[in-house]
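Okay, so here's the structure we're looking at.
The values are calculated or read from the model by the stated rules, or taken from the named source; none is laboratory data. Worth saying up front: this structure is predicted, and the values here are computed from it rather than measured. Because the Cβ atoms are built from the backbone with ideal geometry, glycine has one as well, and the counts that use them run over all protein chains shown. Heads up: the accessible areas ignore ligands, DNA and RNA and are worked out on the full protein's heavy atoms, side chains in. Shrake-Rupley method; radii C 1.70, N 1.55, O 1.52, S 1.80 Å.
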Amino acid sequence: MRALSSLLVLVAVPAALAVKTQDFKTCTQAAFCRRGRALSARAQENPSWSSPYSIDPSTISVLPGQASFTAGVKSLLYPDVKFGLDVRVHKDGVVRVRMDEVNGLRKHYDEAASWALIAEPDISPEIKWSVGKSDVRAVYGDKKDIEVVVAFQPLKVTLLRDGKEQVVLNGRGLLHMEHFRTKESAEEKLPVEQPQGDDSQVVMQVNSRAWFEGETEDGYWEEQFGSWTDTKPKGPESLSIDISFPNHGHVYGIPQHATRLSLPTTTGENAFYSEPYRLYNADVFEYLADSTMSLYGSIPVMHAHSAASTVAIFNAVGSETWIDVAHPTPRSTETHWISESGILDVFLMPGSTPADVFGQYTRLTGTPALPAHWALAYHQCRWNYVSSDDVRDVQRRFDLEDMPVDVFWLDIEYAEEHKYFIWDKKYFPDPVDMTRDVEAVGRKMVVIVDPHLKRAASYPVYQEAQERGVLVKSPGGSNDYEGWCWSGSAAWVDGFNPESWDWWTSLFKTAPQGDKWTWTESTVDTYIWNDMNEPSVFNGPEISMPRDNVHYGGWEHRDVHNINGMLFHNMTFQALKARSDPPKRPFVLTRSFYAGSQRFGAMWTGDNLGTWEHMAVGVRMVLANNIGGFSFAGSDVGGFFGNPEPEMLVRWYEVGIFSPFFRAHAHIDTKRREPYLLDEPYKGIIRSLLRLRYSMLPVWYTAFREASVTGLPVLRPHYVAFPHDEAGFALDDQYFVGSSGLLVKPICEKGATETSVYLPDDQVYYDYFNHYAYRGAAKGKHVTVPAELEKVPLLIRGGSIISTRERPRRSSPLMKYDPFTLRVALNAAGEAHGELYLDDGVTFSHQDGQFIWREFVATSDKKARGVRISSRNLAAQKPSEAVDGVALATYDIANSFVKEMLGVRVERVVVFGLASKPNKVQAGGRDLYWEFTPGVTASEKRQGTTSVLVVKDPDLSVTSDWEIVVQT
Ligand code: NOJ
């Protein structure tokens, strides 16, 4: 095996990588953010502040069919500059507000939404715009309870429900779209004519543009950060908009930040943070565990929530954006969004529930792709497994220790001189054989491919990219940009160039294709990790690309920075999909992301530290990503940096097994920490944890099916699961898994032996492991749950049925025909419900109806004084809701996947909370074997170990309808 020391010599970590927070801008160091915040400060100080933007009523035009209305907008300060407004209501009630400069000197970037959206949304046919003297309005919704009002002077957009303001744009008058100007004209801060006529009603106490834009031209044409000069050939073009939620006291979302889920304030009295939340995809070395700083991805989506309603906004902007948050009162929220460039393109999602909002967002940007089943299992990564033999050895050690694992990962050292795709043959002489060895037990390999291409004559991928002209250009747009990354001098693939897509796809072909370079030294079961796609550039400003770099179409990097990572991810996703026919579901992990990235794979929270704080904030970050529609998320188990003590490592596995994406990873300088290396009891505990994750794969897969169809997240914080329970709105250290009824509270502190878990409702919650029944209360209640090292606090809410598979296997594909256990957790009424979704987990055949979707229902049977537990075919009942993107008119109950699974049994049914010992347990008139342990029943008010009925091997198929009758 290759010695680690030799590897360390190989990897010279560039000095530039040792960045500190001071290597990233604060708002005051970004001219447009300074300008935006200064605007807000002036507005704050001036009680008669009023937005200079107004609609010219004579320009209002309602488009044929009332599809939308457009209007001319002008600013009192620049009467010659024209803006166009377009307001439309989509079929599902989402309001889109778009504003752009008309006939300006240049064009503002207007393509962010087209990258994020799956399609141009359908416009509501029911809208009737009524144009009044001072506004345009429309009332809509099933109950005619929603109203959108666009006021003329000043311009203001309000979304109301039942007469209550839900979202207000420009209510505080902070809208400002800096128009394009010439350097000369910009120098004049001309006095403004005193308003005349209608305009005189606008309360303006000042008569200079400086009143609005500030005294000085701050960083309009050039700006300095450290040794970097950002030239701005287009001049100022920033965009400021205030978005208020006058009746919502909590806001969530706008990942990615290492912070709480309910976003703390950044302005106003007692602001929690002093910096706005920043969205500027960045490779932040050793990031802080509590900060508004930018991280690797940006989803400009925010939920606003109260006990009465949930609403959300999606601000489709691709440039750097800063967001201030304030609560003028505990029950209201004001936000201010300041972006470097782009048009105003904001989607207002009316809710009114969290589920509605997820549906509305999903119809815009798509649901999460249904992952391959194996991708939900355990991933073992490290920087680096250093040779083929090393990979084989790691696989052998997992097998020897009976620890399940599905995926082995290779970081950048597999690639000769960090030329991605090109194996370093000295250490990986037999890559295809190595991959086949891994595949022999159903496992997979994931190999890293970054977007920087080593500028080397010997690197065919770079050569082809250069020849095809698909590389990002340096300022001016004539030359390919050169920067530094792992490979040394590098160039970057430009995903905005349509030419790069087919070419990128061709690289991943496993068969030779003429004189084109293809990856013949890989298999169709080699999957991909896209890292460094913010993009990370070691010698660039803020460890990224200069903003004045040029992409296809002449757009500057500043315009598209936050979208860049998603495009690379998408390109790789498409490439993997095209690798085989019929295609297999791709798996691509990305570090950088944007709105819509959920369609292409998984993300992780980047280079976290091996500390308890990072473990805890990782949970919150993954929750925030779920709010942003990107459920397939996780953090490096163990922490990327550092050498976690065994206790911490165990706790980190406990976090990992309850994360949608579950991967252990470690920095090259860390000690080896594969779980088999630990001493007892830690090794045994992790073995059990891994097995627990594997046993629950049906729960995860079922939750992912739901997410892939409805957009409801896989992890659900309390405000999503219990939207009316105020006590849960700020909770972010415990959450529910899908609709399963599983409530988890991972332990992220040293030495814990118990923890307090919040129960939101008057329901019984059963401890998954010791069957202790806890009682919630109507107004919520905290209970103390044991949490010794080997125990993750995990409760099943009464009323749920959980499906698991409990045969330990080496990898998840080997579980395909394993039998199921059903845990029926009765509620006080003696009832429960659960779902199970299964398909081949690999191909897209589910889209042709090849799947099993069952509903398990327990009803209380008064006559028999017992319970009936039945299995029904949900797919036949709701074929059109089964699979994303495909409306199956009918469902063939005898589809070939069902046929293949006919022999898969339910081997055990465990019922919690039964009222008394059964007399008889039968299925189809057959007596079944059972055991009963008396205990606390579901309807009792006391706490204690619950009664447990175990029905053994009822000999029922998971594919068919059946009923178990429990008579007591
Ligand atoms: C940075 C990534 O965040 C990390 O996970 C990876 O190990 C290194 N790049 C090397 O590829």
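General remarks:
- Members of the range 786-809 found to be crowded, with 19+ Cβ neighbours inside 10 Å and hydrophobic (A, V, I, L, M, F, W, C), listed by number: 787, 792, 794, 795, 796, 801, 802
- Residues in the range 222-239 that are within 19 Å of residue 108 (Cβ to Cβ) and open to solvent by 40 Å² or more (accessible area, probe 1.4 Å): 231, 233.
- Options 505, 523, 510; residue that is away from the ligand (no atom under 16 Å from the Cβ), in contact with a helix residue (DSSP H, G or I) (Cβ under 7 Å, 6 or more places away or on another chain), under 27 Å from residue 435 (Cβ atoms) and part of a loop (DSSP other than H, G, I, E, B): 523
- Of all the residues in the range 486-515, those that are of a type in the set (D, E, K, R) and under 20 Å from residue 528 (Cα atoms) number 3.
- Qualifying residue in the range 372-380 (condition: in the same structural domain as residue 656 (by TED's automatic domain parsing), within 16 Å of the ligand (Cβ to nearest atom) and within 21 Å of the chain's Cα centre (by Cα)): yes
- Here residue 219 does not fit the description of being modelled with pLDDT under 95, surrounded by fewer than 19 Cβ atoms within 10 Å (Cβ to Cβ) and not hydroxyl-bearing (Ser, Thr, Tyr).
- Single condition residue 610 does not satisfy, out of (1) open to solvent by less than 10 Å² (accessible area, probe 1.4 Å); (2) farther than 21 Å from residue 444 by Cβ; (3) touching a Pro at 6+ places or on another chain (Cβ under 8 Å): (1)
- Sole residue being free of Cβ contacts under 8 Å to residues at least 12 places away in the same chain, over 25 Å from residue 710 (Cα atoms) and more than 16 Å from the ligand (Cβ to nearest atom), chosen from 548, 581: 581
- Annotation: of all residues in the range 385-406 being in contact with a helix residue (DSSP H, G or I) (Cβ under 7 Å, 6 or more places away or on another chain) and among the charged types (D, E, K, R), the one that is surrounded by the fewest Cβ atoms within 10 Å (Cβ to Cβ) is 402.
- On the stretch given as the range 891-949, residues that are open to solvent by less than 20 Å² (accessible area, probe 1.4 Å) and either β-branched (Val, Ile, Thr) or assigned to a strand (DSSP E or B) (or both) total 15.
- Listed by first and then second residue, the pairs with beta-carbon distance under 9 Å, at least 6 apart or on different chains, first residue in the range 631-646 and open to solvent by less than 20 Å² (accessible area, probe 1.4 Å), second within 11 Å of the ligand (Cβ to nearest atom) and among the aromatic types (Phe, Trp, Tyr), are 633/604; 634/604; 635/604; 636/604; 640/383.
- Residue count for the range 896-939, restricted to those that are more than 40 Å from the chain's Cα centre (by Cα) and of a type outside the set (A, V, I, L, M, F, W, C): 15.
- If the condition is being surrounded by 19 or more Cβ atoms within 10 Å (Cβ to Cβ) and in a strand (DSSP E or B), then the range 82-99 contributes 83, 85, 87, 88, 89, 90, 95, 96, 97, 98, 99.
- Condition check for residue 432: touching a residue at least 60 places away in the same chain (Cβ under 8 Å), open to solvent by 10 Å² or more (accessible area, probe 1.4 Å), more than 16 Å from the ligand (Cβ to nearest atom) and not in a strand (DSSP E or B): yes
- On the stretch given as the range 747-758, residues that are surrounded by 13 or more Cβ atoms within 10 Å (Cβ to Cβ) and over 14 Å from residue 733 (Cβ atoms) total 1.
So that you can scan it fast, the table gives a plain yes or no per residue for (1) touching a residue at least 60 places away in the same chain (Cβ under 8 Å); (2) under 30 Å from residue 338 (Cβ atoms):
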residue: 537; (1), (2): yes, yes
residue: 558; (1), (2): yes, yes
residue: 569; (1), (2): no, yes
residue: 575; (1), (2): yes, no
residue: 590; (1), (2): yes, yes
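- Residues satisfying the stated conditions in the range 723-735, i.e. within 30 Å of residue 610 (Cα to Cα) and open to solvent by 10 Å² or more (accessible area, probe 1.4 Å): 730, 731, 732, 733
Each row is one residue, and each column tells you yes or no for (1) in contact (Cβ under 8 Å) with a residue 40 or more places away in the chain; (2) touching a Pro at 6+ places or on another chain (Cβ under 8 Å); (3) closer than 30 Å to residue 103 by Cα.
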| position | (1), (2), (3) |
| --- | --- |
| 137 | no, no, yes |
| 146 | yes, yes, no |
| 157 | yes, no, yes |
| 165 | yes, yes, no |
| 170 | yes, yes, yes |
| 178 | yes, yes, yes |
| 182 | yes, no, yes |
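- Residues that are of a type in the set (D, E, K, R) and closer than 30 Å to residue 406 by Cα do occur in the range 855-874, at least one of them.
- Whichever residue in the range 63-81 is of a type outside the set (Gly, Ala, Ser) and open to solvent by less than 10 Å² (accessible area, probe 1.4 Å) and, among such residues, is farthest from residue 51 (Cα to Cα): 69
- Residues in the range 670-694 that are surrounded by fewer than 22 Cβ atoms within 10 Å (Cβ to Cβ), over 19 Å from residue 745 (Cβ atoms) and hydroxyl-bearing (Ser, Thr, Tyr): 670, 676, 682.
- Checked against the criterion of being closer than 30 Å to residue 667 by Cβ, modelled with pLDDT of 90 or more and hydroxyl-bearing (Ser, Thr, Tyr), the range 63-81 contains not a single residue that satisfies it.
- For the range 260-282, a tally of residues being open to solvent by 10 Å² or more (accessible area, probe 1.4 Å) and within 18 Å of the chain's Cα centre (by Cα) returns 2.
- When the criteria are applied in full, residue 628 fails the requirement of being of a type outside the set (A, V, I, L, M, F, W, C), within 16 Å of the ligand (Cβ to nearest atom) and open to solvent by less than 10 Å² (accessible area, probe 1.4 Å).
- Here 841, 834 are screened, and the one residue that is of a type in the set (Gly, Ala, Ser), open to solvent by less than 10 Å² (accessible area, probe 1.4 Å) and not in a strand (DSSP E or B) is 841.
- Selection of the range 35-50 for residues being more than 35 Å from the chain's Cα centre (by Cα) and either surrounded by 16 or more Cβ atoms within 10 Å (Cβ to Cβ) or in a strand (DSSP E or B) (or both) yields 42, 49, 50.
- Scanning the range 449-483 for residues that are outside any loop (DSSP other than H, G, I, E, B), touching a helix residue (DSSP H, G or I) at 6+ places or on another chain (Cβ under 8 Å) and more than 16 Å from the ligand (Cβ to nearest atom) gives 461, 464, 465, 468, 471, 480.
- Flag for residue 499 being of a type outside the set (A, V, I, L, M, F, W, C) and more than 20 Å from residue 576 (Cα to Cα): no
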